[in-house]
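These notes concern the structure reproduced below.
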Number of protein chains: 2
Amino acid sequence: MLLIRGARLWAGIGRGAAAPQDLLLREGRVAAIGTRLDAPPGAAIEDGSGCLLLPGLVDAHAHIDKTLWGQPWHPHRAGPSLREKIDNERAVLRELGLSPELQSERLLRHMLARGTTHTRTHVDVGPEIGLAHFHGVRAMAERHRALMDIEIVAFPQTGVMCAPGTLDLLEQAAREGAQLIGGLDPMGMDRDPKGQLDGLFAIAARHGCGLDIHLHDRADLGAVTVEMVAERSRALGLRGKVALSHAFCLGQVEPARLEGLIELLLREDIAVMTHAPSGPTAFPPVRLLAERGVRLFSGSDGVRDTWSPLNNGDMLERAYLIAYRSGFRDDAGIELALSMCSFGGAQAMGAPGYGLAVGDRADLLLVEAETAAEAVVMHPLRRLVIKGGRVVARNGRALV
Amino acid sequence: MLLIRGARLWAGIGRGAAAPQDLLLREGRVAAIGTRLDAPPGAAIEDGSGCLLLPGLVDAHAHIDKTLWGQPWHPHRAGPSLREKIDNERAVLRELGLSPELQSERLLRHMLARGTTHTRTHVDVGPEIGLAHFHGVRAMAERHRALMDIEIVAFPQTGVMCAPGTLDLLEQAAREGAQLIGGLDPMGMDRDPKGQLDGLFAIAARHGCGLDIHLHDRADLGAVTVEMVAERSRALGLRGKVALSHAFCLGQVEPARLEGLIELLLREDIAVMTHAPSGPTAFPPVRLLAERGVRLFSGSDGVRDTWSPLNNGDMLERAYLIAYRSGFRDDAGIELALSMCSFGGAQAMGAPGYGLAVGDRADLLLVEAETAAEAVVMHPLRRLVIKGGRVVARNGRALV
């Protein structure tokens with residue numbers, strides 16, 4: 001049992017600062033919230049004064065199997081194209097000979113220390129590595145189930161149709177319990193959008209798993225792909241099971257075209273993931289999509305890997321980057337960005353009992369801040385991270 | 001005397017991780033650097049192992065007179081136009097009745113805790129407030145001269161020609177010791193670029209002060225202004241004394257036009273300040289300008305004020321935002337961003353003895369990182385901040 005005294009709870013988007021309250025955690029759940037709760041015998045007590053309580057952060061687009069976290073600093077050397085980045089990654093990972101199980105565990109502890117309690121991670125699957133990364137991360141996830149809710153996407157990083165054998169591997173991963181299968185630029189990578197999407201959707205339909213497709217293809221090329229995804233979602237009855245990651249095209253097409261795409265996203269309840277990319281790339285118009293009712297979520301993307309050293313695995317800072325890149329200055333906008341890194345991701349993952357209400361799972365984050373907007377802007381030291389009612393990190397350091 | 005043991009020194013852009021060394025500080029200067037220095041009698045010793053030593057950060061575009069720092073969280077409410085933001089600011093500041101002297105001191109302590117040891121701050125001057133902000137910040141700067149090098153720009157926030165009396169106030173500020181005078185969108189704000197620029201340059205020429213002009217005007221409108229600034233710099237012999245802040249236009253004109261502007265910037269040795277703005281606004285192409293030899297620097301801009309709550313006064317994080325918005329993934333790019341927040345700003349300010357070599361002033365920052373690129377990406381807790389050889393902040397808290 002744990003009693004947190006005098007913390008403000010995030011009241012929800014645009015609701016401002018709430019009055020401080022006490023929060024009692026029991027058996028892994030929020031048992032009570034009140035202005036002055038009695039401490040039950042044996043309850044540990046934490047001082048939350050001057051602090052804000054948030055639900056555990058959700059990093060719902062990670063690549064934890066191939067991080068270089070814990071290794072010496074690795075200067076970035078890949079060329080700018082997708083193909084160059086993939087080839088460089090394969091070469092570096094072969095050379096370093098790192099263990100996906102160990103590397104993913106290293107990064108997971110860092111994520112936990114920064115307040116992430118849930119993650120959806122894409123894990124590479126392909127002819128060269130087979131299911132080795134998938135098995136490694138699955139074993140790690142099993143050992144860490146008390147510390148982090150983990151959802152695995154079997155992800156065809158080296159392409160689908162252009163890497164024969166990949167569809168079979170994705171199907172095998174689905175059989176072995178991958179919650180989702182992924183895709184990658186059906187046009188830009190495979191030059192065979194019909195082949196890739198038909199293949200992926202058939203597997204999803206057979207195994208009842210979800211789909212989370214990386215779509216970097218720009219502007220109209222991406223827009224056509226969104227249409228093709230929506231067609232297959234409808235044809236196979238996969239409404240609500242599909243997500244599009246990055247989907248830069250939503251920030252790049254003309255307003256009338258965008259309206260048509262939004263209609264399809266809503267009709268098929270397709271969720272959209274953006275992490276507010278580095279560089280000048282336009283990305284989905286977050287506020288507009290949210291106002292229209294499109295489900296949005298976010299993630300760190302690859303953290304300190306051969307793709308980029310810029311992502312640092314901090315989802316409160318990710319909310320800041322989304323707000324910064326979107327130009328949100330008002331509290332509602334800043335908190336919308338935060339909701340993509342918390343409630344939005346939890347919804348994408350179907351995480352049960354996620355939230356700050358009585359009865360919700362006690363997955364919580366305490367930071368020194370007056371309002372949620374301030375927490376995003378300052379992304380201060382994580383005072384406490386709590387998972388399943390247990391303190392798992394304090395002052396930025398994992399305790400487990 | 002202070003001996004820092006076993007820290008890596010930032011070796012310069014793209015030079016990678018240096019071997020750990022000892023650093024002896026004496027009489028406010030770096031007295032010795034070596035692999036194993038003897039501790040002189042009476043020297044305090046700090047453990048720098050696992051850490052990187054950087055020169056103190058330089059926030060060379062701040063607005064410390066009108067921050068709301070230390071006040072309750074203030075949700076942003078201003079409309080999107082420049083005029084709305086200015087009117088909103090005047091109204092909020094009138095209502096809150098804050099003291100520029102006290103507010104600037106509050107923010108200065110936060111900046112110091114984050115490792116900033118030098119700042120150039122724009123301070124509002126105008127018919128409504130006269131020189132009150134200037135006098136307040138100048139008094140604060142005087143009291144804090146041992147903690148922070150401060151340069152003041154008398155800044156006509158409410159316009160120059162459109163706010164009669166402002167030119168006289170700017171001249172009075174120059175007479176009273178303002179190191180620079182500022183300007184603001186001679187076309188967009190005043191609709192009288194000739195009037196504003198002739199007026200500003202005449203004052204600068206009469207008093208020998210520098211010029212640092214806010215230029216938000218976009219694309220060709222901004223480009224013409226750059227040309228008009230360069231013409232006046234040449235005519236009045238002010239080469240090397242002029243800076244352009246924001247200068248979004250440099251990221252918005254066609255390549256051929258940009259080349260012409262670069263030629264002028266180099267001819268007049270005009271420095272360019274960008275803080276990598278929030279939102280979709282294109283900004284100066286940092287790497288290209290640096291390669292051409294244009295002097296670049298950066299700053300926080302307004303921290304937690306009525307303009308935006310997004311800037312948080314952390315210059316290591318500012319380097320990250322510059323790298324992130326520019327899409328820099330290589331160490332050289334990331335360190336270029338850091339140099340804008342350190343050496344570039346110091347050069348703009350003409351700060352004497354700035355650097356990490358023997359004989360330089362002991363203005364230093366120690367952070368847990370292996371390389372400068374890692375320090376930028378993680379912008380970790382500031383382990384130690386040293387000003388003039390004295391420890392002024394530790395673990396993110398100002399000690400003074």
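Need the failing condition index for residue A:226 against (1) crowded, with 23+ Cβ neighbours inside 10 Å; (2) away from chain B (no Cβ under 14 Å); (3) not in a helix (DSSP H, G or I), just the number.
If we test residue A:226 against (1) crowded, with 23+ Cβ neighbours inside 10 Å; (2) away from chain B (no Cβ under 14 Å); (3) not in a helix (DSSP H, G or I), just (3) comes out false.
Every residue in the stretch B:161-181 that is of a type outside the set (Gly, Ala, Ser), under 12 Å from residue B:211 (Cβ atoms) and part of a loop (DSSP other than H, G, I, E, B), please.
Across the stretch B:161-181, the qualifying residue is only B:179.
One line per residue, one yes/no per condition, for (1) assigned by TED's automatic domain parsing to the domain that holds residue A:103; (2) in contact with a helix residue (DSSP H, G or I) (Cβ under 8 Å, 6 or more places away or on another chain):
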| residue | (1), (2) |
| --- | --- |
| A:319 | yes, yes |
| A:335 | yes, yes |
| A:340 | yes, yes |
| A:358 | no, no |
| A:362 | no, no |
| A:377 | no, yes |
| A:382 | no, yes |
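Restricted to the stretch B:57-84, and to residues that are more than 10 Å from chain A (Cβ to nearest Cβ) and of a type in the set (Lys, Arg), which residue is surrounded by the fewest Cβ atoms within 10 Å (Cβ to Cβ)?
Per the stated criteria, the residue is B:83.
For the condition of a type outside the set (Lys, Arg) and either more than 16 Å from residue A:296 (Cβ to Cβ) or in contact with a Cys (Cβ under 6 Å, 6 or more places away or on another chain) (or both), what is the one hit in A:357, A:337?
The conditions single out A:357.
Would you tally the residues in the stretch B:350-381 being polar (S, T, N, Q) and closer than 21 Å to residue B:27 by Cα?
Here the count works out to 0.
So which residues in the stretch A:119-139 are within 21 Å of residue A:346 (Cβ to Cβ) and touching a Leu at 6+ places or on another chain (Cβ under 8 Å), if there are any at all?
Once the filter is applied, which keeps residues that are within 21 Å of residue A:346 (Cβ to Cβ) and touching a Leu at 6+ places or on another chain (Cβ under 8 Å), the stretch A:119-139 yields A:119, A:120.
Taking interchain pairs and intrachain pairs at least six residues apart, which have beta carbon atoms under 6 angstrom, with the first residue in the stretch B:190-214 and closer than 22 Å to residue B:61 by Cβ and the second of a type in the set (D, E, K, R) and surrounded by 16 or more Cβ atoms within 10 Å (Cβ to Cβ)?
B:196/B:190; B:197/B:232; B:201/B:232; B:203/B:171; B:210/B:241
Please go through the stretch A:239-257 and pick out each residue that is among the aliphatic types (A, V, I, L, M) and surrounded by fewer than 22 Cβ atoms within 10 Å (Cβ to Cβ).
Residues satisfying the conditions are A:253, A:256.
Please report, ordered by residue number, the helices (runs of 4 or more DSSP H) entirely within the stretch A:303-400 with at least 3 residues that are touching a residue at least 12 places away in the same chain (Cβ under 8 Å) and within 14 Å of another protein chain (Cβ to nearest Cβ).
Those helices (runs of 4 or more DSSP H) span A:315-326, A:331-340, A:372-378.
Show the residue pairs that are 6+ apart or on different chains and have beta-carbon atoms under 6 Å apart, the first residue being within the stretch B:1-19 and among the aliphatic types (A, V, I, L, M), the second being at pLDDT below 95 and assigned to a strand (DSSP E or B).
none
Here is a yes/no grid of residues against (1) over 29 Å from residue A:383 (Cα atoms); (2) among the basic types (Lys, Arg); (3) at pLDDT 95 or above:
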residue	(1), (2), (3)
A:121	no, no, yes
A:133	yes, no, yes
A:138	yes, yes, yes
A:148	no, no, yes
A:160	yes, no, yes
A:163	yes, no, yes
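Would you check if residue B:231 is within 14 Å of another protein chain (Cβ to nearest Cβ), of a type in the set (Asp, Glu), touching a helix residue (DSSP H, G or I) at 6+ places or on another chain (Cβ under 9 Å) and part of a helix (DSSP H, G or I)?
no
Can you find, within the stretch B:306-316, the residue that is modelled with the lowest pLDDT among those that are within 25 Å of residue B:77 (Cα to Cα) and not hydroxyl-bearing (Ser, Thr, Tyr)?
If we take residues in the stretch B:306-316 being within 25 Å of residue B:77 (Cα to Cα) and not hydroxyl-bearing (Ser, Thr, Tyr), then B:307 is modelled with the lowest pLDDT.
When the stretch B:127-143 is examined, which residues are found to be on the phi < 0 side of the Ramachandran plot and either touching an Asp or Glu at 6+ places or on another chain (Cβ under 7 Å) or not in a loop (DSSP other than H, G, I, E, B) (or both)?
Within the stretch B:127-143, B:132, B:133, B:134, B:135, B:136, B:137, B:138, B:139, B:140, B:141, B:142, B:143 meet the criteria.
Output the number of the condition that residue B:44 fails; it satisfies all remaining conditions of (1) crowded, with 16+ Cβ neighbours inside 10 Å; (2) farther than 16 Å from residue B:342 by Cβ; (3) more than 22 Å from the chain's Cα centre (by Cα).
Tallying (1) crowded, with 16+ Cβ neighbours inside 10 Å; (2) farther than 16 Å from residue B:342 by Cβ; (3) more than 22 Å from the chain's Cα centre (by Cα), residue B:44 fails exactly one: (1).
Does the stretch A:284-305 contain any residue that is modelled with pLDDT under 95 and out of contact with any helix residue (DSSP H, G or I) (no Cβ under 6 Å at 6 or more places or on another chain)?
Scanning the stretch A:284-305 turns up no residue that is modelled with pLDDT under 95 and out of contact with any helix residue (DSSP H, G or I) (no Cβ under 6 Å at 6 or more places or on another chain).
Tell me, yes or no, whether the stretch A:289-300 has at least one residue that is within 21 Å of residue A:376 (Cα to Cα), touching a Phe, Trp or Tyr at 6+ places or on another chain (Cβ under 8 Å) and not aliphatic (A, V, I, L, M).
So far as the stretch A:289-300 goes, no, none of its residues is within 21 Å of residue A:376 (Cα to Cα), touching a Phe, Trp or Tyr at 6+ places or on another chain (Cβ under 8 Å) and not aliphatic (A, V, I, L, M).
Give the stretch A:252-288 a look and list any residue that's of a type in the set (Gly, Ala, Ser) and within 12 Å of chain B (Cβ to nearest Cβ), or say none.
A:276, A:278, A:279, A:282
I'm checking my understanding of the structure. Among residues of the stretch B:235-283 that are touching a Gly at 6+ places or on another chain (Cβ under 6 Å) and in a loop (DSSP other than H, G, I, E, B), which one is nearest to residue B:208 (Cα to Cα)?
B:241
The values are calculated or read from the model by the stated rules, or taken from the named source; none is laboratory data. In this text the structure is predicted, and so the values were computed from the model without any measurement. Cβ atoms come from the backbone with ideal geometry, glycine included; neighbour counts cover every protein chain shown.
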